[in-house]
Amino acid sequence: MAELIIEVDKNDNFLGLREREEFYLGNHIHRAAQLILLNPENKMLIQKRSPQKRWYPDRYTYSVSGTVANESYEACMKREMLEEIGISVPFKKVFKIPCIFENKGAFHTVFSGRCSEKTAGLIRPDPEEATYVEWVELEELYGAVKAEPEKYTPSLRAGIMKIFQEGYEKYIF
């Protein structure tokens, strides 16, 4: 059975459910949830997307990045965290950014969470999602996104630029 994904309009209003495959045609807007996961040293976990991914293969993105099925952004984050990195941590919503181009793309709700050193050691990335994960300094990531934007997903670029323009301290806990 095909997975159903929430379709929304340009204002993030629910329109209905569509099969995931229909979104790959680029004619619909969906919802996505991402996680800024920090360790005790305030380094952020990023993943390099698998080359088999339909959207943005081999690019760096958030530690968790999921498409919202028939669920809330928060439920998507809880599910995707366990599926993609094998852990669960408390998180809070920090902002929503639209990455919509010519009536396609997604509204990305970005969450922030923190893990302990012990929990960080339990992270096991799903090989279907990511080829590897790494912890990076926030300032280092900001510089890399500015220097080589093509290596990063549009949502990660937009999120990192936003938190540095507004002061990243307000987005981490």
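A few comments on the model shown:
- For region 67-96, a residue qualifies if it is aliphatic (A, V, I, L, M) and not in a helix (DSSP H, G or I), and the qualifying residues are Val68, Ala69, Ile87, Val89, Val94.
- Cβ pairs under 8 Å, 6+ apart, first in region 23-35 and of a type in the set (Lys, Arg), second not in a strand (DSSP E or B): Arg31/Asp12; Arg31/Val68; Arg31/Tyr73; Arg31/Cys76
- Selection from region 121-172 of residues that are more than 16 Å from the chain's Cα centre (by Cα), surrounded by 11 or more Cβ atoms within 10 Å (Cβ to Cβ), of a type in the set (Asp, Glu) and farther than 17 Å from Asn39 by Cβ: Glu166
- Of the residues in region 1-10, at least one is within 24 Å of Pro127 (Cβ to Cβ), of a type outside the set (Asp, Glu), crowded, with 18+ Cβ neighbours inside 10 Å and touching a residue at least 60 places away in the same chain (Cβ under 8 Å).
- Only residues that are out of contact with any Asp or Glu (no Cβ under 9 Å at 6 or more places or on another chain) and either assigned to a helix (DSSP H, G or I) or hydroxyl-bearing (Ser, Thr, Tyr) (or both) were counted across region 97-112, and they come to 1.
- Hits in region 109-152 - residues which are without any contact (Cβ under 8 Å) to a residue 40 or more places away in the chain and not acidic (Asp, Glu): Lys118, Thr119, Gly121, Leu122, Arg124, Tyr142, Gly143, Ala144, Val145, Lys146, Ala147, Pro149
- Selection within region 1-40 - part of a loop (DSSP other than H, G, I, E, B), modelled with pLDDT of 90 or more and touching a helix residue (DSSP H, G or I) at 6+ places or on another chain (Cβ under 9 Å): His28, Asn39, Pro40
- Here is the figure for region 47-99: residues that are among the acidic types (Asp, Glu), surrounded by 13 or more Cβ atoms within 10 Å (Cβ to Cβ) and in contact with a Pro (Cβ under 9 Å, 6 or more places away or on another chain) total 1.
The values are calculated or read from the model by the stated rules, or taken from the named source; none is laboratory data. Given the structure is predicted, the values throughout are model-derived calculations rather than measurements. Please note: Cβ atoms are built from the backbone with ideal geometry, for glycine as well, and neighbour counts cover all protein chains shown.
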